[in-house]
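The values are calculated or read from the model by the stated rules, or taken from the named source; none is laboratory data. Fair warning: this is a prediction, and the values are worked out from it, not measured in the lab. No Cβ is skipped: glycine too gets one built from the backbone with ideal geometry, and neighbour counts run over all protein chains shown.
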Amino acid sequence: MALRIIDHGTKEYQQMVNLRNEILRKPLGLALLSAELEKEKDDVLMGAFEDDDRLLGCCLLTKMDQTTIRLRQMAVPNSMQGKGIGRALMIFAENIARDQGYKRLTMHARKTALGFYQKLGYSVTGKEFLEVTIPHYIMEKAL
């Protein structure tokens, strides 16, 4: 498995958009909008790839302020979950955030993913709220 940064607008980016739609939006009856995707040009886009360049998982980082960056759109196919792909992406994302000088990583975590993030040292910092029609929590970790 190779972890790498993805350039916006490339074929790897299109794989990322397709995976995110399939895993994160389609089950909710939603789809990523072109206006949302346009805003990602300044984000750090990351993917985990198989040897044949097949995307196994992805996430992205969005700058919040000088010290805080937000993890968004973590997606790993259901059939690949539990194989360390998400964990590897999280470590990769944290290292990139640290290298860029950020001190804190935050996210809106789906309620169903709380345990995954807690195992990686993230803490819930707020009350449950609805986002894209399902329960989420704000989680964060000092880097």
Review point. Does Asp52 satisfy the condition of being under 26 Å from Asp99 (Cα atoms), out of contact with any Cys (no Cβ under 9 Å at 6 or more places or on another chain), acidic (Asp, Glu) and free of Cβ contacts under 8 Å to residues at least 60 places away in the same chain?
Key: no
Review point. Got a sec? Which of Gln73, Gln118, Gln81, Gln100 is out of contact with any Cys (no Cβ under 7 Å at 6 or more places or on another chain) and closer than 28 Å to Leu33 by Cα?
Key: Gln81
Practice item. Just give me the residues in the range 84-135 being buried (at least 16 other Cβ atoms within 10 Å of the Cβ) and farther than 27 Å from Asn21 by Cβ, in sequence order. Key: Tyr102
Exercise for review: Give the number of residues within the range 93-121 that are farther than 14 Å from Arg72 by Cα and among the aromatic types (Phe, Trp, Tyr).
Suggested key: 2
Study note, to complete from the structure: When Ala109 is run through (1) touching a residue at least 60 places away in the same chain (Cβ under 8 Å); (2) among the hydrophobic types (A, V, I, L, M, F, W, C); (3) over 17 Å from Leu3 (Cβ atoms); (4) touching a strand residue (DSSP E or B) at 6+ places or on another chain (Cβ under 7 Å), the failure sits at (1)
Point to revise | Top-ranked residue in the range 1-32 [being hydrophobic (A, V, I, L, M, F, W, C) and farther than 24 Å from Glu94 by Cα; ranked as surrounded by the fewest Cβ atoms within 10 Å (Cβ to Cβ)] | key: Leu28
Review point. Looking only at the range 33-83, which residues are of a type in the set (S, T, N, Q) and loosely packed, with under 13 Cβ neighbours inside 10 Å?
Key: Ser34, Gln66, Thr67, Asn78, Ser79
Exercise for review: For Thr133, state whether it is at pLDDT below 95 and within 23 Å of Lys26 (Cα to Cα).
Suggested key: yes
